[in-house]
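Trainee: Okay, here's the structure, questions in a sec.
The values are calculated or read from the model by the stated rules, or taken from the named source; none is laboratory data. Nothing here was measured: the structure is a model prediction, and the numbers come from that model. Cβ sites come from the backbone with ideal geometry, for glycine too, and all protein chains shown count toward neighbours. Please note that ligands, DNA and RNA were not included when accessible areas were found on the heavy atoms of the full protein model with its side chains. Shrake-Rupley method; radii C 1.70, N 1.55, O 1.52, S 1.80 Å.
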Amino acid sequence: MLEWLDASPLAEAVLTSSLLVVVALLALSVLVSRESGPWKIVRSRWLFIAVAILAVFASRWPSILYHLDLSPSEAQMAAQAITIRHFPVPWKSYDGITAGPFDSAVLVLPALLGLHVSFGMVRLIAIALFGGTLAFLFAITRTLYGELPARLGVLLPLAFFCFVRTPDFTSYSSELLPMFFLMAAAYGFVQFSLSVPRALVFAGLALGCLPFANLQSSILGVAMFFIALVLIMRRAGFLPEERLSSPISLVASISVAPLFVLTVVILSKVYRDFYISYVESVPVYLHSNCCKTATFAFFTEDAFFRTFAAASILIAAAAAVGIVLFGPAGPRPTVRWFPPVAAIVLVPVAIYAIEVPQTPSQHYLYLLFWPLAATAAFMVGYLLAEFKTDRRLRVISIAVGACVALVACVPLIRLNVTHENYYLGRLQQNLENAPDPVTAMLLDHVKPGDRMAIWGWMPRYFVETGALLGTRDAVTEFQIEDRVFPTYYRARYLEDMRNNRPKFFLDAVAPDSYRFKDWAKEGHQTFHDLSDLIDSKYTLVDEANGALLYERIDAVKPG
């Protein structure tokens with residue numbers, strides 16, 4: 001089977017494209033008026049959801065089987081997750097830098113089922129988070145506008161997620177969890193606007209998790225908070241005291257996650273490390289990245305994202321024109337027009353959040369992806385809701401639904417068929433090939449559960465060996481580069497080496513490594529105190545492709 005798929009990428013593309021076509025037809029089946037017999041099954045929401053899930057897995061499983069990390073961030077968070085299972089205190093056992101502790105903590109979930117953290121499992125969690133976010137978008141659109149707009153609204157993001165090839169989009173990234181929280185909060189606010197007061201607490205709890213899932217996403221969280229305040233002020237039927245108590249309730253629920261994290265930080269006595277690493281270091285890091293802006297070319301570089309963004313804008317703009325031309329005169333209910341306006345407001349906020357770090361990476365585009373997807377879904381829902389109020393315009397709903405489905409699916413299907421799928425052609429090779437020389441060397445010495453410190457930017461070695469972090473740093477960017485409190489980060493690294501006494505130390509600064517390759521300028525010997533510690537406490541036991549493996553002297557077996 002794998003050999004056939006490797007030799008027939010076009011067949012795989014046709015199969016996955018066909019599944020998306022079936023999803024689109026099931027979306028449009030809502031327009032059929034029959035409610036009995038086979039049509040009842042065809043119109044079933046569960047059938048629509050089941051085929052959509054099948055389409056995702058049929059498209060994504062080749063990337064799930066890919067045995068190496070698809071991005072350094074994915075490897076870093078997976079490495080931290082392995083350690084969290086045994087040493088769960090953030091900023092003491094592990095430091096995810098601006099990604100936050102929750103992004104890595106969620107990857108521990110497979111351990112609850114007795115599974116180990118691997119790149120394939122991490123990508124399954126990525127699919128689950130994307131699917132959960134999509135489910136919230138579906139639920140919001142269906143609640144506000146009905147079944148047909150909900151199904152049409154998820155077609156475009158579903159098509160993108162099925163077919164995109166770029167590693168930053170097929171790997172686990174730090175934007176997936178916060179966007180899940182953000183859409184969950186949006187769902188809570190919608191339920192609150194429809195007279196479910198307790199939903200405000202749910203929304204606040206989700207919103208409060210954002211700062212510890214990804215610092216960048218907090219910008220979107222702040223915008224969502226102010227949007228929620230406007231929603232509270234405009235909510236019909238509120239008594240004056242309720243307009244005061246609701247914001248207080250929202251702020252209180254938002255505070256739950258930060259208070260929990262701060263309590264853990266204080267009880268673990270890592271307040272100083274939390275403050276320096278997660279608060280004080282951030283502006284210094286941003287300043288050191290000055291002027292590496294995300295240009296228009298960055299937003300349009302990836303063909304799949306470019307197509308998705310263009311389709312989102314086209315669908316939303318066409319729906320807006322339709323609302324102006326065909327919508328009845330007079331005021332509309334706030335619950336109908338407020339969601340698309342809120343989604344539109346989040347678009348420039350997302351662009352700003354992408355620009356802030358001054359180091360544009362493609363996975364940052366997920367911050368923009370969901371506001372665009374929501375804008376298109378809500379605008380179509382708004383348009384179809386306007387048609388629904390006028391019987392003369394109902395027939396136009398069929399044409400609108402067909403056009404939305406075509407714009408959402410056809411361009412991305414074309415890319416799926418015509419673009420190379422570089423996960424195919426190597427499936428059999430991925431399963432049969434021996435590990436690279438450095439990994440093979442490590443597997444000869446390092447056992448799962450051993451503590452290992454790595455100097456450099458190669459966290460995938462933790463995942464491939466099952467080793468725990470020897471220091472709280474899965475990567476040593478700030479210890480090697482002299483731009484963000486190097487004295488603090490080097491002292492902290494040295495302290496961890498002395499306290500944790502990792503069994504192994506790997507200097508991974510080598511020609512084939514990521515980012516740090518020049519051993520003479522970036523190797524551990526450039527940090528003299530660390531070099532002295534390694535010389536006195538460790539002995540060189542192996543070397544491969546320039547990577548040097550040291551073992552603690554008192555752990556080396558005699559002979």
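Trainee: Quick one: in region 455-491, which of the residues that are in a loop (DSSP other than H, G, I, E, B) and without any contact (Cβ under 8 Å) to a residue 12 or more places away in the chain is least open to solvent (accessible area, probe 1.4 Å)? Give the steps one after another, and end with the answer.
Mentor: Step one: list which residues in region 455-491 are in a loop (DSSP other than H, G, I, E, B), which gives 456-459, 466-467, 470-476, 481-485.
In the following step, the residues that additionally are without any contact (Cβ under 8 Å) to a residue 12 or more places away in the chain were identified as 481-482.
Values: Glu481: 43, Asp482: 129 Å².
Among residues in region 455-491 that are in a loop (DSSP other than H, G, I, E, B) and without any contact (Cβ under 8 Å) to a residue 12 or more places away in the chain, the one least open to solvent (accessible area, probe 1.4 Å) is Glu481.
Trainee: Determine which single condition Arg123 fails, assuming it passes every other condition in (1) charged (D, E, K, R); (2) part of a helix (DSSP H, G or I); (3) open to solvent by 30 Å² or more (accessible area, probe 1.4 Å).
Mentor: (3)
Trainee: Is one or more of the residues making up region 311-327 touching a residue at least 40 places away in the same chain (Cβ under 8 Å), closer than 23 Å to Glu74 by Cα and not in a helix (DSSP H, G or I)?
Mentor: Within region 311-327, none of the residues are touching a residue at least 40 places away in the same chain (Cβ under 8 Å), closer than 23 Å to Glu74 by Cα and not in a helix (DSSP H, G or I).
Trainee: Sort through Ala310, Ala342, Ala353 and tell me the only one that's farther than 30 Å from Phe87 by Cβ, open to solvent by 30 Å² or more (accessible area, probe 1.4 Å) and of a type in the set (Gly, Ala, Ser).
Mentor: On the way: Ala342 fails: open to solvent by 30 Å² or more (accessible area, probe 1.4 Å); Ala353 fails: open to solvent by 30 Å² or more (accessible area, probe 1.4 Å).
Every option except Ala310 fails the conditions.
Trainee: Another question, if that's okay. Does region 539-549 include one or more residues that are of a type in the set (Val, Ile, Thr), closer than 20 Å to Thr83 by Cα and either open to solvent by 30 Å² or more (accessible area, probe 1.4 Å) or without any contact (Cβ under 8 Å) to a residue 60 or more places away in the chain (or both)? Spell out how you get there, then give the answer.
Mentor: Step one: filter region 539-549 for residues of a type in the set (Val, Ile, Thr), giving 539, 541.
Those left that are additionally closer than 20 Å to Thr83 by Cα: none.
Taking every residue of region 539-549 in turn, none turns out to be of a type in the set (Val, Ile, Thr), closer than 20 Å to Thr83 by Cα and either open to solvent by 30 Å² or more (accessible area, probe 1.4 Å) or without any contact (Cβ under 8 Å) to a residue 60 or more places away in the chain (or both).
Trainee: Same structure, new question: Given Leu494, Leu442, which one is closer than 22 Å to Pro88 by Cα, open to solvent by less than 30 Å² (accessible area, probe 1.4 Å), in a helix (DSSP H, G or I) and modelled with pLDDT of 95 or more?
Mentor: One residue alone meets the criteria, Leu494.
Trainee: Also, quick follow-up: What number of residues within region 131-166 satisfy the criterion of being in contact (Cβ under 8 Å) with a residue 60 or more places away in the chain, assigned to a helix (DSSP H, G or I) and surrounded by 20 or more Cβ atoms within 10 Å (Cβ to Cβ)?
Mentor: Just the residues of region 131-166 that are in contact (Cβ under 8 Å) with a residue 60 or more places away in the chain, to begin with: 131, 133, 137, 140-141, 144-166.
So of that shortlist, the ones also assigned to a helix (DSSP H, G or I) come out as 131, 133, 137, 140-141, 144-145, 147-163.
If we keep only those that are surrounded by 20 or more Cβ atoms within 10 Å (Cβ to Cβ) too, we end up with 133, 137, 140-141, 144-145, 148-163.
Residues in region 131-166 being in contact (Cβ under 8 Å) with a residue 60 or more places away in the chain, assigned to a helix (DSSP H, G or I) and surrounded by 20 or more Cβ atoms within 10 Å (Cβ to Cβ): 22 in total.
Trainee: Consider only pairs whose beta carbons are under 9 Å apart and that are at least six residues apart or on different chains; among these, list those whose first residue lies in region 400-418 and is touching a residue at least 12 places away in the same chain (Cβ under 8 Å) and whose second residue is outside any helix (DSSP H, G or I) and surrounded by 21 or more Cβ atoms within 10 Å (Cβ to Cβ).
Mentor: As it stands, the answer is Leu412/Val164; Leu415/Val164, since those pairs meet every condition given.
Trainee: A further question on this structure: Can you run down the residue pairs with Cβ atoms below 6 Å, 6 or more apart or on separate chains, where the first is in region 75-97 and over 17 Å from Tyr275 (Cβ atoms) and the partner is of a type in the set (Gly, Ala, Ser) and surrounded by fewer than 24 Cβ atoms within 10 Å (Cβ to Cβ)?
Mentor: Short answer, once both residue conditions are applied: Thr83/Ser93; Ile84/Ala105; Arg85/Ala111; Phe87/Ser93.
Trainee: Here's another thing I want to ask about it. Ile49 fails exactly one of the following numbered conditions: (1) assigned to a helix (DSSP H, G or I); (2) open to solvent by 60 Å² or more (accessible area, probe 1.4 Å). What is the number of that condition?
Mentor: (2)
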